[in-house]
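The values are calculated or read from the model by the stated rules, or taken from the named source; none is laboratory data. All of these numbers come straight from a predicted model, not from anything done at the bench. Don't worry about glycine lacking a Cβ; one is built from the backbone with ideal geometry, like all the others, and counts go over all protein chains shown. Surface accessibility is based on the protein's heavy atoms, side chains included, excluding ligands, DNA and RNA. Shrake-Rupley method; radii C 1.70, N 1.55, O 1.52, S 1.80 Å.
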Amino acid sequence: MTTYQAPLKDIQFLLNDVFQIDRFSNLAGFAEAPADVRAAVLTEAAKLSEELLHPLNAIGDIEGCVRHEDDSVRTPRGFREAFRQLGDGGWIGLSAPVEYGGQGLPTTLSNAIGEMFSSANMSLEMYAGLTRGAVAALLMHGSEQQKHQFIPKMLAGEWTGTMNLTEPHCGTDLGMMRTKAVKQPDGSYKISGTKIFISGGEQDLTENIIHLVLARIEGAPAGIKGVSLFVVPKRLINEDGTLGEQNGVSCGSIEHKMGIRGSATCVLNYEGARGWLVGRENKGMEAMFVMMNEARLGVGQQALSQSEVAYQNAANYAKERLQGRALGGTQSPEKPADPIIVHPDVRLTLLSIRAFNEAARALILWTSLKQDLARRSYDPGERELAEDHMGLLTPVIKGMLSEKGFANTVFAQQIFGGHGYIVETGMEQFVRDCRITMLYEGANGIQALDLVARKLPRDSGRAIQALFNEVSSFIEENASEPKLAPYTKPLRRSLLDLEQATALLMRRLAKHPNEAIAVSTDFMHLLGLVALGYMWSRIVKAAHEKIAAGDQSPHLTTKPLVGLFFVERILPETSAYLAKIQSGAAVLMTMPAEAF
Ligand SMILES: Cc1cc2nc3c(=O)[nH]c(=O)nc-3n(C[C@H](O)[C@H](O)[C@H](O)COP(=O)(O)OP(=O)(O)OC[C@H]3O[C@@H](n4cnc5c(N)ncnc54)[C@H](O)[C@@H]3O)c2cc1C
């Protein structure tokens with residue numbers, strides 16, 4: 001049996017003190033969410049996470065989803081009622097426009113809540129997360145009619161959304177897509193083909209499912225340039241808005257998989273299903289990327305969420321499990337042994353996870369704030385900066401955070417010794433559930449490729465230059481602050497590693513792109529470490545300010561310690577990444593394929 005306590009204090013500290021989001025009350029929706037409203041909403045979300053969603057997590061894993069002969073899919077016990085509560089409570093549409101039934105509050109706030117829901121029950125949260133992503137794509141690229149027809153029901157949790165890219169022969173390389181779309185006289189399309197691995201493709205949570213499907217219109221150009229996006233409801237919708245007949249889409253099977261067993265992963269067969277174009281012909285990737293980018297941030301957050309809940313359980317266990325005596329002298333003489341938290345190696349493991357979690361949470365909320373600025377700011381310059389940030393950091397959050405988050409679930413399992421390998425402790429479920437975060441939404445190698453080949457050189461490196469400027473300005477502004485020196489000095493060294501690596505990759509990209517791409521994963525980690533190091537400097541600065549103002553709560557007084565662990569034991573890895581980046585492609589590419 002696992003436990004979960006939502007990190008309410010940490011989230012509020014980040015929103016209120018580190019990022020001071022009240023500074024943005026001129027943005028739509030921010031004035032409606034002052035600190036007291038945020039506190040009330042977050043507290044309610046924490047309660048839902050702890051009392052409703054978390055107890056269903058193990059049940060979802062044990063029962064999984066079941067497909068019946070009639071193609072219907074049963075989700076685990078309790079999921080339907082819980083999802084209903086998420087819809088009724090307005091949680092799915094928290095940051096969606098009021099015009100379509102959302103609450104219009106900041107995305108920063110809804111993303112903070114997303115972490116809690118996902119820690120509590122990643123499988124169940126996925127149905128809501130994908131629905132939010134599909135809504136975002138429709139908002140940006142759908143017609144007025146599509147928006148009014150689909151979005152309000154999706155935000156209310158009456159219908160869910162899915163994303164349909166993958167086909168049996170076409171995963172990463174979407175240009176090979178075969179699903180086809182044939183235009184009908186009434187302007188709709190008939191969609192035919194097979195999509196695989198579709199999360200939430202069939203389920204019994206809601207009366208309808210709105211599939212966003214990539215397909216190729218007859219006669220479209222070959223490759224990715226000939227792919228269009230369609231909205232294909234599972235059940236057609238009558239003119240009066242009531243549900244009509246079943247559309248030509250059915251669930252052929254569901255996958256039996258390593259983790260997230262409460263999330264139905266479906267093969268969907270489209271047999272002349274009626275669909276409607278979203279956005280422009282052959283511009284499907286442009287529209288789908290809205291959903292994919294949301295999902296990529298969401299996946300990074302899923303990894304954090306599993307790392308967090310795994311940490312909490314490991315830390316509790318380490319304080320209870322009695323084994324051995326502390327090297328420096330017995331700590332609990334009244335007991336037959338000391339709790340394992342006294343051992344340096346156990347502390348190393350726990351601190352490694354925690355130092356990542358707290359900075360990763362900050363990085364996600366900082367990026368969420370940029371997402372709000374990109375969409376809501378009135379200042380075009382600010383919007384551009386925010387877009388740049390999102391473009392650069394999205395693959396890092398997806399790729400680096402999922403790799404570390406997964407490793408952390410294994411570390412947390414380690415704290416349980418052999419008991420972590422036993423199903424009943426629940427620790428192995430976190431490992432299994434988190435593993436997918438490195439794979440879906442573009443496997444991590446693809447995130448690194450996207451970062452180095454596309455995002456880094458875009459606009460002559462404008463986005464990374466802005467990041468350099470921001471981090472170095474912070475370091476300069478705080479140069480005379482002795483309490484921050486232990487954080488900003490190592491950060492400066494790591495920033496130099498990143499600047500050197502960036503200059504090298506920019507040169508290589510211009511002349512020998514393969515040399516740059518061969519080290520893209522290392523670069524993704526280097527950039528991620530600097531971003532997390534910067535987060536720690538900001539966290540510690542805000543914590544010291546609150547402590548100096550008289551707040552001695554342990555949540556704040558531990559920040560400088562955990563931050564110091566990060567800069568002393570984790571951040572120095574940037575120099576190893578720089579060395580690897582300097583090595584180039586030859587060592588990878590020389591051996592002939594048949595020799596592997
Ligand atoms: C549980 C689950 C849920 C999913 N949900 C959805 C969903 O809702 N909708 C949806 O459309 N899809 C979904 N997927 C599919 C998922 O996004 C794909 O599995 C993923 O994109 C990778 O595609 P692939 O499995 O075909 O791997 P492949 O494309 O075959 O790749 C295999 C390996 O080769 C590497 N590789 C491939 N090409 C390159 C390259 N050019 N450069 C470097 N490395 C490369 C990849 O990184 C990967 O490690 C889901 C998958 C799973 C398992």
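For the chain, the Kirkwood hydrodynamic radius from C-alpha pairs, put into Stokes-Einstein at 37 °C and a viscosity of 0.692 mPa s, yields a diffusion coefficient of 131 µm² per second. Each residue was assigned an accessible area with a 1.4 Å probe, and for VAL37 the value is about 50 Å².
In region 180-273, carbon and sulfur make up what percent of the accessible area (probe 1.4 Å)? Of the solvent-accessible surface of region 180-273, carbon and sulfur hold 50 percent. Based on alpha carbons, the Rg and Dmax found for region 47-94 are 12.4, 38 Å. Relative contact order of region 464-540, taken over Cα pairs closer than 8 Å and 6 or more residues apart, is 36 percent. Charge tally for ALA222 (other residues, Cβ to Cβ under 14 Å; Lys, Arg +1; Asp, Glu -1): +2. A 1.4 Å probe run over the chain, with the rest of the protein chains in place, finds 41 Å² accessible per residue. Computed from backbone phi with θ = phi - 60° and the Karplus coefficients 6.51, -1.76 and 1.60, the 3J(HN,Hα) list for region 81-90 is 5, 5, 5, 4, 5, 5, x, 4, x, x Hz; x is used for glycine and proline. Mean sequence separation of contacting Cα pairs (under 8 Å, at least six apart), scaled by the length of region 1-153, corresponds to a relative contact order of 23 percent. If you take the square roots of the eigenvalues of the alpha-carbon gyration tensor of region 1-106 and sort them as a ≥ b ≥ c, do you get rounded (a/c under 1.5), prolate (a/b over b/c) or oblate? It is oblate, given that a/c is not under 1.5 and a/b is not larger than b/c.
Residues whose amide H comes within less than 5 Å of that of GLY252, counting only those at least five positions distant or on another chain, are VAL267, LEU268, ASN269 (H built at 1.01 Å from N in the peptide plane). Accessible surface of ARG80, taken over heavy atoms with a 1.4 Å probe and every protein chain present, rounds to 120 Å². Quick one: in region 306-462, what % of C-alpha pairs are over 23 Å apart? I get 52 percent for the Cα pairs in region 306-462 exceeding 23 Å. In order along region 280-287, the Karplus-derived 3J(HN,Hα) couplings, from 6.51 cos²θ - 1.76 cosθ + 1.60 at θ = phi - 60°, round to 9, 4, 6, 10, x, 5, 4, 6 Hz, and Gly and Pro are given as x.
State whether region 206-296 is rounded, prolate or oblate according to the following rule on the C-alpha gyration tensor (a ≥ b ≥ c being the square roots of its eigenvalues): a/c under 1.5 gives rounded; otherwise a/b larger than b/c gives prolate, and the remaining case gives oblate. Oblate, because a/c is 1.5 or more while a/b does not exceed b/c. Of the listed residues ARG84, ARG132, the order by accessible area with a 1.4 Å probe, largest first, is ARG84, ARG132.
Here LYS489 is the anchor, and the lysines within straight C-alpha reach of less than 27 Å, apart from those fewer than 8 places off in the same chain, are LYS370, LYS404, LYS541, LYS546, LYS559, LYS580.
Annotation: PHE411 carries an accessible surface of approximately 90 Å², with a 1.4 Å probe and no ligand, DNA or RNA atoms counted. Region 110-141 and region 252-305 have their alpha-carbon centroids 12 Å apart.
Calculated FRET efficiency, ARG84 to GLU477, Cβ-Cβ distance, R0 = 56 Å: about 0.70 to the nearest 0.05.
Across the accessible surface of region 40-85, with the other protein chains kept in place and a 1.4 Å probe, carbon and sulfur atoms take up 53 percent. Computed over protein heavy atoms with a 1.4 angstrom probe, the accessible surface ordering of CYS65, CYS434, largest first, is CYS65, CYS434.
Dividing the mean sequence gap of close Cα pairs (under 8 Å, 6+ apart) by how many residues the chain holds gives a relative contact order of 13 percent.
For a paramagnetic label modelled on VAL98 (point 7 Å from Cα along Cα→Cβ), amide N atoms under 13 Å away belong, within region 1-37, to 28-33. Note on exposure: ASP70, ASP379 ranked by accessible area (1.4 Å probe, complete protein assembly) read ASP70, ASP379, with the most exposed listed first. Close amide H partners of ILE237, meaning residues 5 or more places away or on another chain with modelled amide H under 5 Å apart, are GLY244. For region 165-182, 3J(HN,Hα) computed residue by residue from phi via the Karplus equation (6.51, -1.76, 1.60; θ = phi - 60°) reads 10, 6, 10, x, 9, 9, x, 5, 8, 5, x, 8, 4, 10, 3, 10, 10, 10 Hz, glycine and proline entered as x. Share of carbon and sulfur in the accessible area of region 303-433 stands at 55%, probe radius 1.4 Å. Give me Rg over Rh for region 409-521, both radii from the alpha carbons and Rh done the Kirkwood way, two decimal places. Rounded to two decimals, Rg/Rh equals 1.14. Among the lysines, which fall within straight-line cross-link reach of LYS153, defined as a Cα-Cα distance under 23 Å, with same-chain neighbours fewer than 8 residues apart omitted? Reachable lysines: LYS234.
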